[in-house]
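The values are calculated or read from the model by the stated rules, or taken from the named source; none is laboratory data. These numbers come from a predicted model, not from an experiment. Every residue, glycine among them, receives a Cβ derived from its backbone with ideal geometry; neighbour counts consider all protein chains shown. Please note that ligands, DNA and RNA were not included when accessible areas were found on the heavy atoms of the full protein model with its side chains. Shrake-Rupley method; radii C 1.70, N 1.55, O 1.52, S 1.80 Å.
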Amino acid sequence: MSTTALGPALASKRVLICVGSGGVGKTTVAATLALRAAVEGRSSLVCTIDPAKRLANSLGLKALGNAEAEVPASVLEPMGVSPKASLHAMMLDMKATWDDLITRVAPPEQRERILANRFYQSLSTALAGSQEYIAMEKVWELRRRDDYELIVLDTPPTAHAMDFLDAPNRVLDFLDNEAAKWLLTPALKAGKVGLSLFNLGGSYVTRALAKFTGAEMLQELSNFMLAMSSMNEGFRERARGVRALLEDARTGFVLVTSPSPERLDEAIQFHALMKQNRMDVLALVVNRVHPLPAPSLWDEAATLAPGRRTKVEETLRELRVLAEQDLRGIAQLKDACPGTPIIQVPRFGLDVHDLTALWNTGRYLLGDDVLA
Amino acid sequence: MTPEGAIPTVRRSFFMAGLLDKRLWIVSGKGGVGKSTIAAALALRSARAGRRTLVCEVNTQERISGLLERPPAGPDVKRLEENLWAVDVRPQEAMREYGIMVLRFETLYKTVFENRLVRYFLRFVPSLQELVLLGKIMFHLQEKLPDGRWRYDTVVLDAPATGHAISFLSVPQVLLQTLPPGPMTREALKMRDLLVDPAVTAAVLVALPEEMPVNEAVELHAALKDKVRIRTHAAVLNQSFPERFTDGDLEALAGHPELQRVAQAHHDRAALAVLAGTKLERNLHAPVYAVPRLFVPRFGRDAVEQVMGHLEPLVTGET
């Protein structure tokens, strides 16, 4: 039985999205949630971005690819657990997923032109938010296919929280922008392909811009805009679907952070933005918390031989500094995010990539174990 | 032996020039490994060596000025203390500076760049944003004082995390391969030449003694070498735990299971640091400098100065 906010979420949500800064353990949390949901009877998929190779190995998979693979139930045997439903895992390849999307929505005669265009390359790889967008778009696609009761998404490391939340809007903005329409309309009316920006009459602005980027660049951009316009409708419909999915009542967000001060600042900021955007933050997971050493340990250490006593006491002192730092950070987080449950996961001895460690993480996420 | 003495610090099998011989110090690594702390410590050390030093952050929540307990620098270069300046390079401001440089006049810039249509386009020009960000940093690297000396002897770049760092630093290369010759490629060529010059540029990769950060440092090293042609000067293994408990200690604690767990956890973390150091050294073919985890209630200037002390051999090249 779960005592945290994540228990009911695992039982009822269709999509869980793990968000947070890089290096806080989002992938671990995402994999753990999918694992627990499968164990408890809901078929689940974890969609990761860049997992440790050992994570794939520990799930009994040679490697994670862009296609979903079933995690063999046998990997859970050592823990005495037999999952009641299937668990799948995949690793999202951003570029391949963008290419799939274009192949799906572009008219056949335009496909190659778009895929080869430099601006498409930029849109699919470099544009801020495009990675976040394609990850969400993939989840939307998977959700529509309805093969899994629960999809858990591990999100790309985001430099700016808004990139993620804003991604569908940016794509819609890209498609709907008035400037683009204004540019394209004369060419579309004239039925011309190869629209030239210089149709604008070689205006001063255009010439100055060409001085900045080079004229060929502008020509290529206008070609791209024209090609894109051929698939606007399909694209737009999907982007609207993605935006709706972010706000869906059966989609929930899990904000993951570590207790270090700079990560906590980012988490607080992220939390505020998500609330503003009416997104359902189910829980704040503080990962790798240092537990405070029990006071009795100090008494016990005092009975050791002098040399060992010094070493042990030094270690306890260090652990106390770390634990107190974490406690202060968590108190600050509580104040800054009232109403959002905070779940603490302790730092485990070694790196968390094997299944036992995932399992232990799950016990804290769902409240079977609680950090004192 | 002091605890610090037990950390795998400098391996003497590598002879390296110190960072002080280079002008552009690029610090990168996985998110959360303490890049900004290392960049702040290196910049402080350079300033202490009497070098006029500029430390650049790239479009981020500024951290370095805070670590050094100074007010935020913002998008314009600001003096933090003697010999030390800081700037947070942001796209909009950098674009404006670049635009004015190309178009020569501010009013011209306004007419062109504040045009809505143009702004819209600029967002989609491949790599333009990275180009102007990197461009601003490279501009400061080449900036001279009226008397002909460099305005900044050292430029420390607190670069984005791994994936973003690779795309950021390979922008000149990518532009040169894909763009027809024009104003952007001229800029790109100048930048590329400085980045790949080992007499000018040195990359310092930061990792923690854990699997993922070490793997990322190895990937970053390979990508920098192959795609950008920047050589890894050294790696910093941040937040290392020095060895403290011997096997004998652990055995002797058998009667105290709780304490044994505490000691074992420490021992494991120290073992991880050794393992990580070896893996980095083997894959990077560069020296690895360990910075011990600091146990301070608040990580501020004092802590940065301590980190700086541990980086001394990296900076001076003296072991």
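Using a probe of 1.4 Å on the protein chains alone, the accessible area found for A:T32 is around 0 Å².
For the set A:S260, A:S44, solvent exposure ranked by accessible area (probe 1.4 Å, protein chains only) runs largest to smallest as A:S260, A:S44. B:M101 contributes about 90 Å² of solvent-accessible surface, heavy atoms of the protein only, 1.4 Å probe. Each label point was placed 7 Å from the Cα along the Cα-to-Cβ direction; for A:L292 and A:R144 their separation is 5.2 nm. Per-residue mean of foreign Cβ neighbours for A:22-31 is 3 (Cβ atoms of other chains, 10 Å radius).
Counting Cβ atoms of other protein chains within 10 Å of each Cβ in B:255-268 and taking the mean gives 4. Take each residue in B:209-217, count the other chain C-beta atoms within 10 Å of its C-beta, and the mean is 4. The long axis of helix B:128-142 is offset from the longest Cα principal axis of chain B by roughly 80 degrees. Spacing of the modelled spin labels on A:R250 and B:D268, each 7 Å from Cα toward Cβ, amounts to 4.0 nm. Rounded to the nearest 10 square angstrom, A:T303 shows an accessible area of 100 square angstrom against a 1.4 Å probe. I need the shape label for the range B:130-230. Rule: rounded when a/c is under 1.5, else prolate if a/b > b/c, else oblate, with a, b, c from the alpha carbon gyration tensor. Here the range B:130-230 falls in the oblate category. Taken over chain B, the percentage of Cα pairs per 20 Å bin, counting from 0 up to the bin with the maximum distance, is 31, 53, 14, 2.
Only helices enter this figure: runs of n ≥ 4 DSSP H residues, each worth -39500 (n - 2.57), summed and divided by the residues of chain B, yield -14500 deg cm²/dmol at 222 nm to the nearest 500. One way to sum up the overall shape of the range B:178-317 is the equivalent ellipsoid from its Cα gyration tensor, whose semi-axes run 40, 17, 12 Å, largest first. Annotation: peptides B:46-59, B:142-155, ranked by per-residue average of other Cβ atoms within 10 Å with the highest first, follow the order B:46-59, B:142-155. Taken as Cα centroids, the range B:188-250 and the range A:301-372 sit 29 Å apart, rounded to the nearest whole angstrom.
Sorting A:70-79, A:262-271 by their mean Cβ neighbour count within 10 Å, with the most densely packed peptide first, gives A:262-271, A:70-79. Relative to the longest principal Cα axis of chain B, at what angle does helix B:211-223 sit, 0 to 90 degrees, rounded to 10? With rounding to tens, the tilt is 40 degrees.
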